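Please treat every number below as a calculation from the coordinates, not as lab data. Just so it is clear, the structure is predicted and the values come from calculations on it, not from any experiment. FYI the Cβ positions are ideal-geometry reconstructions off the backbone, even for glycines, and counts take in every protein chain you see.
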């Protein structure tokens, strides 16, 4: 049997690293990527390729190198991304653009780079790591929510377009997962200043957001779901990877009138 080749973006820590390790122990030939990877870098036995989602040339180079070396790419796990917190009016255009270049446009380019090889070999899997926040807006995380919502919808389209090529497309929707996102998250700078009308509400809610991540579930939970997807010929579109309450919030958002659901959110994240 041919060993399946998997590429996991954002593999230096968190969900990406956990996924690389989990899949590697289950017989996959795994490559990871990092923006800061050095030439011929290997981490815990896993080759790490240099790939920056804001640099399309590096995307094409990394995926092209993998395909040239292995002759195939069976699964692309688009995990790399960036978080941002702050009121909409306090986020700079530059930060908003960076989030979309990373979380949406860079992921699209990774897909474009991998799809021709998958089509030629008769199929493959694309798993895009989204968020439960892609299905509803959250106070002071609107830009992040919007980027994940865009990722969700283009993944839905990709799933339909690639079905004739036997390329399965799914998204995984993590809730709070214990990663280093707190240290790497962009901040709407004005929201952290008393000059902002949102300052006091943002300070309280941001502390809660950070505490939720620090005490969240282990990223291997997400890795196990990704492994499950790769075992299926017909995986579902969406796979929540979250606590019971967070999964319940997805269901409630789909059935409750929006004003009722938003009222529930604002009791958890009060902005008045």
What spacing in nm lies between the two simple spin-label points modelled at residue 236 and residue 13, each 7 Å away from Cα in the Cβ direction? 3.1 nm
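What does DSSP give for the chain in terms of the percent of beta bridges that are antiparallel, rounded to the nearest 5?
Working: 3 of 30 bridges.
For the chain, the DSSP antiparallel bridge percentage is about 10.
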If I fit a long axis through the Cα atoms of helix 220-230 and take the longest principal axis of the Cα atoms of the chain, what angle between them do I get, 0 to 90°, rounded to 10? 50 degrees
In region 85-123, whose amide N lies under 18 Å from the spot 7 Å out along Cα-to-Cβ of residue 153? List them in ranges. 97, 99-109
Would you order 266, 221 from fewest to most other beta-carbon atoms within 10 Å of each residue's own beta-carbon? 266, 221
How would you rank 9, 102, 192, going from fewest to most other Cβ atoms within 10 Å of each one's own Cβ? 192, 102, 9
Share antiparallel - DSSP beta bridges, region 18-139, percent rounded to 5: 30 percent
Length gained when the stretch residue 207-residue 44 is fully extended (0.36 nm per residue, less Cα-Cα span): 55.3 nm
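Calculate the FRET efficiency for residue 89 and residue 267 from the Cβ-Cβ distance with a Förster distance of 25 Å, rounded to the nearest 0.05. Please list the in-between numbers first.
On the way: r = 23 Å, r/R0 = 0.93.
My answer for the efficiency is 0.60.
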Check: C-alpha center region 109-146 vs C-alpha center region 9-75, spacing in Å is 17 Å
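What FRET efficiency comes out for residue 259 versus residue 112 if R0 is 41 angstrom and r is the Cβ-Cβ distance? Round to the nearest 0.05.
Numbers: r = 40 Å, r/R0 = 0.97.
Once the sixth-power term is evaluated, E becomes 0.55.
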Between the helical axis of 56-70 and the dominant principal axis of the chain, each derived from Cα atoms, what acute angle in degrees is found, rounded to the nearest 10? 40 degrees
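Going by how many other Cβ atoms sit within 10 Å of their own, how do 176, 55, 195 line up, fewest first? Walk me through the numbers on the way to the answer.
Numbers: 176 19, 55 16, 195 9.
In increasing order of surrounding Cβ atoms, one gets 195, 55, 176.
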If I fit a long axis through the Cα atoms of helix 258-268 and take the longest principal axis of the Cα atoms of the chain, what angle between them do I get, 0 to 90°, rounded to 10? 80 degrees
Two-decimal ratio, region 184-272, of alpha-carbon radius of gyration to 2.2 N^0.38 Å: 1.42
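Using alpha-carbon pairs under 8 Å, 6+ residues apart, how would you state the relative contact order of the chain in percent? Each step should come with its number before you reach the end.
Working: 483 pairs, mean separation 52.4, N = 272.
19 percent.
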Looking at (i) 35, 22, 15; (ii) 27, 25, 18; (iii) 32, 20, 17, which value of semi-axes √(5λ) of the Cα gyration tensor in Å comes from a calculation on the structure shown? (iii)
